[in-house]
Amino acid sequence: LLLSVGLLPENELTRQANVEMSNLTSGAVVDDTLQTSKEGIFACGNVLHVHDLVDYVTLESQTAGEGAARYVLGKTGEHEYIKTKGVNGVRYIVPQKVDIKNENDVKLYFRVGQTYKNAKIVVKYNGEEILSRKKPRLAPGEMENVVIKNDVLKGFEADGVIEISVEG
């Protein structure tokens, strides 16, 4: 479990473990259980990306803890990943990949690159819209998130891409 306390990601241990890093977040690349590219190493909090609210860090720590527990108990099984990608005003998304064999809903956290008023967040899978919602305001300093339900994920195929964008 890799932790960073403070506003800026401290990733000396992450780099020493040869974990894949994101140029956009300055943190580890993770899947939806917050497992890094190195099997058995999980990351959360500011070691992943800068957070504006401790509430998100708490939620991430629970996800990482649950993922680590499943890993230790040998309950992870085979993985089939699809990538996540921020486009059209979305700077980055965490996690950067999602296991479509996961049994849970998946929460994707993201940040926009500029301030928007009366905009719409659009989530697409391989170019097809699967979710959208209107937001009166979006700002780079505020974390946003969307939840993709497990039954929707079950319809996806490996090697696909989930994109989140801003319209308006």
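Scanning segment 141-158 for residues that are more than 16 Å from the chain's Cα centre (by Cα) and surrounded by 11 or more Cβ atoms within 10 Å (Cβ to Cβ) gives Val152, Lys154, Phe156, Ala158. Among residues of segment 157-168 that are over 13 Å from Ile93 (Cα atoms), those with a Cβ under 7 angstrom from a residue that is assigned to a strand (DSSP E or B) and open to solvent by 70 Å² or more (accessible area, probe 1.4 Å), sequence gap 6+ or separate chain, pair up as Gly168/Asn118. Here Tyr71, Tyr109 are screened, and the one residue that is in a strand (DSSP E or B) and either surrounded by 14 or more Cβ atoms within 10 Å (Cβ to Cβ) or without any contact (Cβ under 8 Å) to a residue 12 or more places away in the chain (or both) is Tyr109. Scanning segment 16-43 for residues that are of a type in the set (D, E, K, R), open to solvent by 30 Å² or more (accessible area, probe 1.4 Å) and under 18 Å from Val161 (Cβ atoms) turns up just one, Glu20.
The values are calculated or read from the model by the stated rules, or taken from the named source; none is laboratory data. This structure is a prediction, so every number in the text was calculated from the model and none was measured. Here Cβ is always computed from backbone atoms with ideal geometry, including for glycine, and neighbour counts include all displayed protein chains. Heads up: the accessible areas ignore ligands, DNA and RNA and are worked out on the full protein's heavy atoms, side chains in. Shrake-Rupley method; radii C 1.70, N 1.55, O 1.52, S 1.80 Å.
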